[in-house]
(Lines give C-alpha, C1' and ligand atoms only; values in the text may rest on other atoms or scores of the structure.)
Protein backbone atom coordinates (compact mmCIF):
# COMPACT_ATOMS: atom_id res chain seq x y z
CA UNK A 1 0.00 0.00 0.00
CA UNK A 2 1.29 3.48 -0.86
CA UNK A 3 0.26 6.91 0.36
CA UNK A 4 1.52 10.47 0.07
CA UNK A 5 2.52 11.96 3.42
CA UNK A 6 2.36 15.75 3.74
CA UNK A 7 3.19 16.89 7.23
CA UNK A 8 4.58 19.83 9.12
CA UNK A 9 6.72 19.43 12.23
CA UNK A 10 7.91 21.61 15.06
CA UNK A 11 9.91 20.64 18.13
CA UNK A 12 8.32 21.76 21.38
CA UNK A 13 9.48 22.45 24.89
CA UNK A 14 7.98 20.22 27.57
CA UNK A 15 5.77 23.12 28.72
CA UNK A 16 4.52 23.81 25.17
CA UNK A 17 3.75 20.11 24.78
CA UNK A 18 1.80 19.99 28.06
CA UNK A 19 -0.17 23.14 27.18
CA UNK A 20 -1.24 21.80 23.77
CA UNK A 21 -2.03 18.41 25.31
CA UNK A 22 -4.34 20.04 27.87
CA UNK A 23 -5.90 22.65 25.58
CA UNK A 24 -6.79 20.06 22.93
CA UNK A 25 -8.04 17.65 25.60
CA UNK A 26 -5.93 14.86 24.09
CA UNK A 27 -6.56 11.18 24.81
CA UNK A 28 -4.09 8.99 26.67
CA UNK A 29 -0.99 8.49 24.45
CA UNK A 30 -0.40 5.28 22.52
CA UNK A 31 3.07 3.75 22.81
CA UNK A 32 4.93 2.90 19.60
CA UNK A 33 8.46 1.84 18.69
CA UNK A 34 10.23 2.67 15.42
CA UNK A 35 13.11 0.36 14.43
CA UNK A 36 15.37 2.04 11.85
CA UNK A 37 17.25 0.27 9.05
CA UNK A 38 19.70 1.19 6.29
CA UNK A 39 22.74 -0.29 4.57
CA UNK A 40 26.09 -0.04 6.37
CA UNK A 41 27.03 2.71 3.88
CA UNK A 42 23.69 4.56 4.33
CA UNK A 43 22.44 4.23 0.76
CA UNK A 44 18.85 4.96 1.86
CA UNK A 45 19.84 8.04 3.84
CA UNK A 46 21.91 9.31 0.89
CA UNK A 47 18.83 8.92 -1.35
CA UNK A 48 16.74 10.94 1.13
CA UNK A 49 14.80 7.78 1.98
CA UNK A 50 14.14 5.93 5.23
CA UNK A 51 13.17 2.40 6.22
CA UNK A 52 11.54 1.45 9.50
CA UNK A 53 9.42 -1.13 11.24
CA UNK A 54 6.78 0.43 13.49
CA UNK A 55 5.32 -1.52 16.41
CA UNK A 56 1.98 0.03 17.37
CA UNK A 57 -1.09 -1.47 19.05
CA UNK A 58 0.15 -5.02 18.47
CA UNK A 59 0.68 -4.44 14.73
CA UNK A 60 3.99 -4.44 12.87
CA UNK A 61 4.36 -2.36 9.71
CA UNK A 62 7.42 -2.08 7.49
CA UNK A 63 7.54 1.35 5.82
CA UNK A 64 9.79 2.79 3.12
CA UNK A 65 9.68 6.59 2.85
CA UNK A 66 10.87 8.18 -0.39
CA UNK A 67 10.99 11.90 -1.19
CA UNK A 68 8.56 13.40 -3.70
CA UNK A 69 7.89 17.03 -4.62
CA UNK A 70 5.60 18.00 -1.72
CA UNK A 71 6.11 15.35 0.92
CA UNK A 72 7.06 11.71 1.17
CA UNK A 73 5.77 8.67 -0.64
CA UNK A 74 5.23 5.97 1.96
CA UNK A 75 5.04 2.30 1.01
CA UNK A 76 3.66 0.08 3.80
CA UNK A 77 3.92 -3.67 4.18
CA UNK A 78 2.49 -5.72 7.05
CA UNK A 79 5.20 -7.83 8.67
CA UNK A 80 5.11 -10.75 11.11
CA UNK A 81 6.76 -10.88 14.53
CA UNK A 82 9.09 -13.62 13.27
CA UNK A 83 10.18 -11.55 10.23
CA UNK A 84 10.67 -8.52 12.49
CA UNK A 85 12.90 -10.51 14.84
CA UNK A 86 14.86 -11.81 11.85
CA UNK A 87 15.43 -8.29 10.52
CA UNK A 88 16.38 -6.97 13.97
CA UNK A 89 18.97 -9.73 14.34
CA UNK A 90 20.67 -9.01 11.01
CA UNK A 91 18.78 -11.23 8.59
CA UNK A 92 18.36 -8.53 5.94
CA UNK A 93 15.08 -7.28 4.51
CA UNK A 94 12.16 -9.68 4.02
CA UNK A 95 10.73 -10.19 0.54
CA UNK A 96 7.80 -8.20 -0.79
CA UNK A 97 6.95 -4.86 -2.36
CA UNK A 98 9.51 -2.88 -0.35
CA UNK A 99 12.35 -5.29 -1.23
CA UNK A 100 11.42 -4.85 -4.91
CA UNK A 101 11.50 -1.05 -4.54
CA UNK A 102 14.96 -1.24 -2.95
CA UNK A 103 16.19 -3.31 -5.88
CA UNK A 104 14.96 -0.54 -8.21
CA UNK A 105 17.14 1.83 -6.14
CA UNK A 106 20.10 -0.55 -6.69
CA UNK A 107 20.08 -1.54 -3.00
CA UNK A 108 20.33 -5.21 -2.10
CA UNK A 109 17.68 -6.22 0.47
CA UNK A 110 20.31 -8.47 2.10
CA UNK A 111 22.48 -5.41 2.85
CA UNK A 112 19.83 -3.93 5.16
CA UNK A 113 20.87 -3.74 8.84
CA UNK A 114 19.21 -2.45 12.01
CA UNK A 115 20.69 0.75 13.45
CA UNK A 116 18.51 1.25 16.51
CA UNK A 117 15.09 2.09 17.88
CA UNK A 118 13.12 5.12 19.01
CA UNK A 119 10.17 4.94 21.43
CA UNK A 120 7.30 7.42 21.19
CA UNK A 121 4.20 8.17 23.21
CA UNK A 122 1.76 9.57 20.62
CA UNK A 123 -1.64 11.19 20.83
CA UNK A 124 -3.70 12.42 17.86
CA UNK A 125 -6.76 14.57 17.20
CA UNK A 126 -8.51 15.84 14.08
CA UNK A 127 -7.79 19.52 13.37
CA UNK A 128 -8.90 21.62 10.37
CA UNK A 129 -8.99 18.91 7.67
CA UNK A 130 -5.86 17.27 9.04
CA UNK A 131 -4.47 15.28 11.94
CA UNK A 132 -2.72 17.02 14.83
CA UNK A 133 -0.15 14.77 16.52
CA UNK A 134 1.74 15.27 19.79
CA UNK A 135 4.79 13.04 20.23
CA UNK A 136 7.07 12.49 23.22
CA UNK A 137 10.06 10.48 21.99
CA UNK A 138 12.98 8.79 23.76
CA UNK A 139 16.09 7.46 22.03
CA UNK A 140 19.76 6.95 22.87
CA UNK A 141 19.55 8.96 26.10
CA UNK A 142 17.71 11.81 24.35
CA UNK A 143 14.15 12.97 24.90
CA UNK A 144 12.12 15.40 22.78
CA UNK A 145 8.62 16.72 22.23
CA UNK A 146 7.16 17.35 18.80
CA UNK A 147 4.04 18.70 17.15
CA UNK A 148 3.13 17.21 13.76
CA UNK A 149 0.30 18.20 11.46
CA UNK A 150 -0.59 15.69 8.73
CA UNK A 151 -2.66 17.16 5.90
CA UNK A 152 -4.02 16.41 2.41
CA UNK A 153 -2.98 19.81 0.98
CA UNK A 154 0.43 21.47 1.40
CA UNK A 155 -0.57 25.15 1.10
CA UNK A 156 -3.64 25.04 3.34
CA UNK A 157 -1.84 22.78 5.82
CA UNK A 158 1.13 25.12 6.10
CA UNK A 159 -1.16 28.10 6.70
CA UNK A 160 -3.12 26.25 9.43
CA UNK A 161 0.06 24.97 11.07
CA UNK A 162 1.78 28.35 11.21
CA UNK A 163 -1.43 29.95 12.49
CA UNK A 164 -1.60 27.38 15.30
CA UNK A 165 2.03 28.00 16.29
CA UNK A 166 1.45 31.77 16.27
CA UNK A 167 -1.70 31.51 18.39
CA UNK A 168 0.27 29.60 21.05
CA UNK A 169 3.32 31.86 20.71
CA UNK A 170 5.44 28.85 19.78
CA UNK A 171 8.44 29.82 17.65
CA UNK A 172 8.98 28.00 14.37
CA UNK A 173 11.90 25.66 14.97
CA UNK A 174 13.87 23.86 12.29
CA UNK A 175 12.76 20.27 12.93
CA UNK A 176 14.36 17.20 11.41
CA UNK A 177 12.24 14.08 11.13
CA UNK A 178 12.64 11.38 13.78
CA UNK A 179 15.10 9.23 11.84
CA UNK A 180 17.38 12.23 11.21
CA UNK A 181 17.26 13.15 14.91
CA UNK A 182 18.00 9.52 15.77
CA UNK A 183 20.99 9.39 13.40
CA UNK A 184 22.36 12.70 14.70
CA UNK A 185 22.27 11.29 18.24
CA UNK A 186 23.68 7.92 17.14
CA UNK A 187 26.61 9.25 15.13
CA UNK A 188 27.53 12.53 16.81
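Numerical summary
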item: Filter result for residue 142 (surrounded by 13 or more Cβ atoms within 10 Å (Cβ to Cβ) and closer than 21 Å to residue 43 by Cα); result: no
item: Those residues of region 67-88 which are in a strand (DSSP E or B), at negative phi, buried (at least 17 other Cβ atoms within 10 Å of the Cβ) and in contact with a helix residue (DSSP H, G or I) (Cβ under 9 Å, 6 or more places away or on another chain), in sequence order; result: 75, 77
item: Qualifying residue in region 37-48 (condition: modelled with pLDDT under 95, surrounded by 16 or more Cβ atoms within 10 Å (Cβ to Cβ) and either in contact with a strand residue (DSSP E or B) (Cβ under 8 Å, 6 or more places away or on another chain) or over 19 Å from residue 175 (Cα atoms) (or both)); result: yes
item: Hey, residue 95 within 20 Å of the chain's Cα centre (by Cα) and assigned to a loop (DSSP other than H, G, I, E, B) or not; result: no
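Conditions tested, residue by residue: (1) surrounded by 13 or more Cβ atoms within 10 Å (Cβ to Cβ); (2) touching a residue at least 60 places away in the same chain (Cβ under 8 Å); (3) under 20 Å from residue 76 (Cα atoms); (4) under 17 Å from the mean Cα position of the chain (by Cα).
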position: 111; (1), (2), (3), (4): yes, yes, yes, no
position: 129; (1), (2), (3), (4): no, no, no, no
position: 136; (1), (2), (3), (4): yes, yes, no, yes
position: 150; (1), (2), (3), (4): yes, yes, yes, yes
position: 174; (1), (2), (3), (4): no, no, no, yes
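The values are calculated or read from the model by the stated rules, or taken from the named source; none is laboratory data. Small disclaimer: the values here were computed from a predicted structure and weren't measured. Ideal geometry is used to build each Cβ from the backbone, glycine not excepted, and the neighbour counts take in all protein chains shown.
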